[in-house]
Amino acid sequence: MSPQHDPAGQALARRFEAAFMPNYGVPPVALARGEGTRVWDVDGHEYLDMIGGIAVSSLGHAHPALVEAVSRQVATLAHTSNLFLHEPEVLLAERLLGLLGAPARVFLSNSGTEANEAALKLALKYGGSTGRPRFVAAENGFHGRTLGALSLTGKRSIRDQFGPFPIDVTFVPYGDADALKSAVDDRCAAVFLEPTQGEAGVVPPPEGYLRAARDVCDATGALLVADEIQSAIGRTGHWFAHQHEGVLPDVLTLAKGLGGGLPIGACIGLGEAGTLFAKGDHGSTFGGNPVAAAAALAVLDTIDRDGLLEHVRAVGAELSGGIAAIEHPLLAGVRGRGLWLAIVLTADRAAAVQAAAQRAGFLVNALQPDAVRLAPPLVITSADVAAFTAALPAILDGASDDR
Ligand SMILES: *Cc1c(COP(=O)(O)O)cnc(C)c1O
């Protein structure tokens with residue numbers, strides 16, 4: 001019997017459906033707890049978590065370092081507002097600047113979309129002072145759901161019904177350096193790009209694309225905004241995905257993996273972009289909250305101390321290599337870097353693969369009709385990876401039958 005037919009999960013799903021707006025539909029599993037790379041649903045079924053709450057649970061579940069840092073901070077001082085400063089936020093900002101290794105300044109938010117709102121306001125301020133009313137972003141790109149970030153989001157199905165938007169955005173095909181070059185001119189305030197597109201299907205750009213973006217921004221004076229909300233904090237085996245091409249953006253946005261499950265985001269302005277906001281230009285009551293900042297510090301410390309960047313590269317190669325070695329009529333291949341991969345299918349069966357994986361005890365995400373996303377905790381072991389790749393052929397069989 002499949003887990004979703006068990007009583008506790010079913011009862012909770014009915015109450016969810018009655019109490020919540022229908023924007024998420026009803027998710028297929030009701031989770032109760034987690035430990036390391038495992039989670040359990042309310043009926044007691046165990047799953048290997050291959051999606052990590054959408055690339056968020058960097059350290060897995062209930063990691064002692066995160067539990068300790070958050071517990072200590074919440075028992076000491078949970079909130080200050082931005083009327084007062086506190087040590088965890090200062091340590092975190094300094095830590096992020098250290099990782100970037102370039103002069104920069106930080107703004108802390110609570111989510112990804114808010115980090116991008118801050119980046120957009122920075123770019124609007126820059127554009128206003130330099131006569132640049134235009135923006136450029138990528139088709140199928142994803143930058144968030146609030147109206148500013150949504151207006152930069154290239155996925156028409158989630159954008160169009162909420163427009164028109166008050167900013168002028170030109171969308172270009174992702175990965176096409178020539179299209180980018182012809183779209184960016186000296187009336188462009190900023191180019192918003194994901195160093196690898198996440199929601200579009202974990203799509204890395206062709207070699208040299210970020211360099212080309214950097215060059216056209218340098219030539220025209222537009223700001224290059226790298227949305228690393230999903231791609232940073234070790235996900236691809238580096239702190240930041242832009243490091244794969246050695247290209248520094250002017251503005252960098254972070255969120256998902258940074259807090260390891262606690263809500264936090266960051267907008268980092270490099271060089272002059274770090275000093276565009278004047279006092280009063282932007283703010284957030286919860287942004288840089290001491291508990292979230294303590295969580296992020298624990299995540300960064302643990303990645304460092306436990307050598308997780310190297311681990312992600314090694315275990316990520318095992319995962320992508322293990323998938324690539326499978327021959328199955330439904331499997332077209334695998335793309336992505338580190339522990340951020342898409343299993344690409346030969347047919348639009350991703351939802352069936354997600355369901356079959358769930359029945360087999362694995363949580364994955366049907367990201368596109370023909371692409372299944374994997375973004376497991378960075379602490380996933382070789383044994384976990386081997387268990388998943390060993391189970392995958394039967395999961396693909398199950399997804400092929402189940403029509
Ligand atoms: C998830 C995501 C966002 C939005 O983050 P939220 O925390 O959901 O607001 C923005 N950009 C990218 C690239 C993302 O993956």
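All of the numbers you see were taken from the coordinates with simple rules; none came from a lab. No experiment lies behind these values; they were computed from the predicted model shown. FYI the Cβ positions are ideal-geometry reconstructions off the backbone, even for glycines, and counts take in every protein chain you see.
A few remarks follow.
- Counting only Cβ charges, +1 for Lys and Arg and -1 for Asp and Glu, the dipole size of the stretch 217-347 around its Cα centre is about 280 debye.
- Prolate is the label for the stretch 280-384, because the ratio a/c of its alpha-carbon gyration tensor axes (a ≥ b ≥ c) is 1.5 or higher and a/b is greater than b/c.
- Across the stretch 74-79, computed HN-Hα scalar couplings (Karplus, 6.51 cos²θ - 1.76 cosθ + 1.60, θ = phi - 60°) run 5, 7, 9, 6, 8, 7 Hz from first to last residue, x flagging Gly and Pro.
- Partners of Lys181 within straight-line reach, counting aspartates and glutamates whose Cα lies under 13 Å from its Cα and excluding those fewer than 8 residues away in the same chain: Asp215, Asp218.
- Beyond 23 Å in Cα-Cα separation lie the following of the pairs Lys155/Lys279; Lys155/Lys256; Lys256/Lys279; Lys125/Lys256: Lys155/Lys279; Lys256/Lys279; Lys125/Lys256.
- Signed unit charges on C-beta, dipole axis of the chain, positive-most listed residue Leu31, Leu392, Ala183: Ala183
- Amide hydrogen neighbours beyond the local backbone of Val334, cut-off 5 Å, H modeled: Val344
- J(HN,Hα) series, the stretch 335-352, from Karplus relation 6.51 cos²θ - 1.76 cosθ + 1.60, nearest Hz, glycine and proline x: 9, x, 9, x, 9, 9, 10, 10, 7, 9, 9, 8, 8, 7, 10, 4, 5, 5
- The stretch 77-305 - percent relative contact order, Cα under 8 Å, separation 6 or more: 28
- Three-way shape call for the stretch 196-346 based on the alpha-carbon gyration tensor, with the a/c threshold at 1.5: oblate
- Among the GluC sites (Glu not before Pro) found in the stretch 48-140, those both in a DSSP coil and sparsely packed, with 16 or fewer other Cβ atoms within 10 Å of their Cβ, are Glu139.
- Distance in nm between pseudo-label sites at Arg305 and Trp40 (7 Å out along the Cβ direction from Cα): 2.7
- Of interest is the spacing of the C-alpha centroids, which for the stretch 87-109 and the stretch 23-61 amounts to 30 Å.
- Here the Karplus curve 6.51 cos²θ - 1.76 cosθ + 1.60, taken at θ = phi - 60°, turns the phi angles of the stretch 246-261 into couplings of x, 10, 8, x, 8, 9, 10, 10, 9, 6, 2, x, 4, x, x, x Hz, with x standing for Gly and Pro.
- For the chain, the relative contact order comes to 21 percent (Cα pairs under 8 Å, sequence separation of at least 6).
- Bridge orientation summary for the stretch 77-305: considering DSSP beta bridges with both residues in this region, about 40 percent are antiparallel.
- Cα centroid separation, the stretch 257-272 to the stretch 320-363 (Å): 30
- Computed log₁₀ I(q)/I(0) - Debye formula, equal Cα scatterers, no solvent, the chain, q 0.10, 0.12 Å⁻¹: -0.68, -0.98
- Cβ charges +1 (Lys, Arg) and -1 (Asp, Glu), total dipole of the chain, debye: 660
- In this structure the amide hydrogen of Ala266, modeled in the peptide plane, comes within under 5 Å of the amide hydrogens of Ser109, Leu254, Ala255, none closer than 5 places in sequence on its chain.
- Beta bridges from DSSP with both residues in the chain: antiparallel share about 65 percent, rounded to the nearest 5.
- Shape category assigned to the stretch 147-255 from the gyration tensor of Cα positions, a/c cut at 1.5: oblate
- Sparse-neighbour loop sites [GluC sites (Glu not before Pro); the stretch 297-374; at most 14 other C-beta within 10 Å; DSSP]: Glu327
- Net dipole in debye of the stretch 276-369 [+1 Lys, Arg Cβ; -1 Asp, Glu Cβ; about Cα centre; nearest 20]: 200
- In this structure the amide hydrogen of Gln197, modeled in the peptide plane, comes within under 5 Å of the amide hydrogens of Val203, none closer than 5 places in sequence on its chain.
- The mean sequence separation of alpha-carbon pairs under 8 Å and at least six residues apart, normalised by the residue count of the stretch 1-74, gives a relative contact order of 24 percent.
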